[in-house]
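Novice: My structure is below; once you've seen it, I'll send some questions.
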Amino acid sequence: MPFTFTKCLTKEGVEFPGLYEIQPKVFGDARGYFFESYSEKDFFDAGLTMKFVQDNQSFSTKGVLRGLHFQTQHPQGKLVRAMTGKVYDVAVDIREGSPTFGKYYGVVLDSEKQNQFYIPEGFAHGFMVLTDTATFAYKCTDFYDPKGEGGLMWNDPTIGIEWPVKDIVPNLSEKDTKHPAFSPDEKYFDMNAKWLK
């Protein structure tokens, strides 16, 4: 199989349901490299039977932080990777009833490693650029819906994300400076909702 699928765990060893780090097999020689970035067959064989309907791409400079974003209507699962550069990518579980509700998982996505991260529906998502520039790409399981757009503070103290760049102030959009704090009592998503099955 040209992919290695690794389930993601909290620091305490609890599995995040549906969250995976994915490493494609990269074939390289003096000419360059080749790899499959997605194969429906291999993903389905691994139990990841999502259907992707939209591809997005962004370009950012060092210190740009995008997030934490989610959609309450038409929630999106995302397969994300850094096409160039390096980013610290974060997923926060906001599914009511999940064993990892309110917990986050972070991974460095590096264009030299070509590693990927699958984030299912029901997570808030964001990333911070670690290199001078980065091109970030992701496949989505549903279409963007501005009516259902939501967000959480990037530096919410309850979630406690340990962003790796300490010496610079993150470059945020105006919208991302206004997201509310995470609330354990908020009904963001239902873990047993039909769209999660």
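Novice: When only C-alpha pairs under 8 Å and at least 6 residues apart count, what is the relative contact order of the range 77-138, in percent?
Specialist: Worked out over the range 77-138, it gives 53 percent.
Novice: When only Cα pairs under 8 Å and 6 or more residues apart are kept, what is the percent relative contact order across the range 42-170?
Specialist: 40 percent
Novice: Separate question: Once the mean 1/r over all distinct Cα pairs of the range 1-118 is inverted, what Kirkwood radius in angstroms do you read off?
Specialist: 15.8 Å
Novice: Ok, one more. Could you derive backbone 3J(HN,Hα) for the range 64-77 from the dihedral phi with the Karplus parameters 6.51, -1.76 and 1.60 (θ = phi - 60°), listing whole Hz in sequence and x where the residue is Gly or Pro?
Specialist: 5, 10, 10, x, 8, 10, 7, 10, 7, 9, 6, x, 10, x
Novice: On average, how much accessible surface per residue is there in the chain, in Å², for a 1.4 Å probe, leaving out ligands, DNA and RNA?
Specialist: So the chain comes to 52 Å² accessible per residue, rounded to a whole number.
Novice: Per DSSP helix of 4 or more residues, -39500 (n - 2.57); summed, then divided by the residues of the chain. What does that give at 222 nm, rounded to the nearest 500?
Specialist: Taking each H run of at least 4 residues, the total per residue is -500 deg cm²/dmol.
Novice: Once each part is reduced to its C-alpha centroid, what is the distance from the range 1-27 to the range 32-65 in angstrom?
Specialist: Going from one Cα centre to the other spans 14 Å.
Novice: Only bridges whose two residues both fall in the chain count here: according to DSSP, what percent of them are antiparallel, nearest 5?
Specialist: Counting only bridges with both partners in the chain, antiparallel ones make up about 95 percent.
Novice: Over the Cα atoms of the range 80-197, what is the Rg over Rh ratio if Rh follows Kirkwood?
Specialist: Taking Rg over the Kirkwood Rh, I get 0.95.
Novice: How large are Rg and Dmax for the chain when calculated on the C-alpha trace, in angstrom?
Specialist: Answer for the chain, Rg first and Dmax second: 16.3, 55 Å.
Novice: Now for a different question. I'd like the per residue volume of the convex hull spanned by the Cα atoms of the range 30-94, given in cubic angstrom.
Specialist: Spelled out: Cα convex hull of the range 30-94, divided by residues, is 157 Å³.
Novice: Just flag the trypsin sites (Lys or Arg not before Pro) in the range 8-95 sitting in loop per DSSP whose Cβ has no more than 15 other Cβ atoms within 10 Å.
Specialist: K11, K25, R31, K51
Novice: For Q76, list long-range residues whose amide hydrogen, built 1.01 Å from N in the peptide plane, is under 5 Å from its own amide hydrogen.
Specialist: Correct list: Q71, G122.
Novice: Sticking with this one: Rounded to the nearest 10 Å², what accessible area does I94 show when all protein chains are kept and the probe is 1.4 Å?
Specialist: It works out to around 0 Å².
Novice: With +1 on each Lys and Arg Cβ and -1 on each Asp and Glu Cβ, and nothing else charged, work out how big the dipole of the chain is about its Cα centre, in Debye to the nearest 20.
Specialist: So the magnitude is around 180 debye.
Novice: Taking R0 as 30 Å, what FRET efficiency do you get between D29 and D132 from their Cβ-Cβ distance, rounded to the nearest 0.05?
Specialist: With R0 = 30 Å, the Cβ-Cβ based efficiency is 0.65.
Novice: Considering only protein heavy atoms and a probe of 1.4 Å, how much of the accessible area of the chain is carbon and sulfur, as a whole percent?
Specialist: Here it works out to 50 percent.
Novice: Also, quick follow-up: What residues have an amide H closer than 5 Å to that of D190, excluding those fewer than 5 places away on the same chain, when H is modeled at 1.01 Å from N in the peptide plane?
Specialist: E96
Novice: Leaving out ligands, DNA and RNA but keeping every protein chain, what accessible area does H74 have, in Å² rounded to the nearest 10, with a 1.4 Å probe?
Specialist: H74 exposes around 100 Å² with every protein chain in place.
The values are calculated or read from the model by the stated rules, or taken from the named source; none is laboratory data. Predicted, not measured: the structure shown is a model, and the values here were computed from it. All Cβ positions, glycine included, derive from the backbone under ideal geometry; neighbour counts span all protein chains shown. Side chains are part of the model used for accessible areas, which takes the heavy atoms of the whole protein and leaves out ligands, DNA and RNA. Shrake-Rupley method; radii C 1.70, N 1.55, O 1.52, S 1.80 Å.
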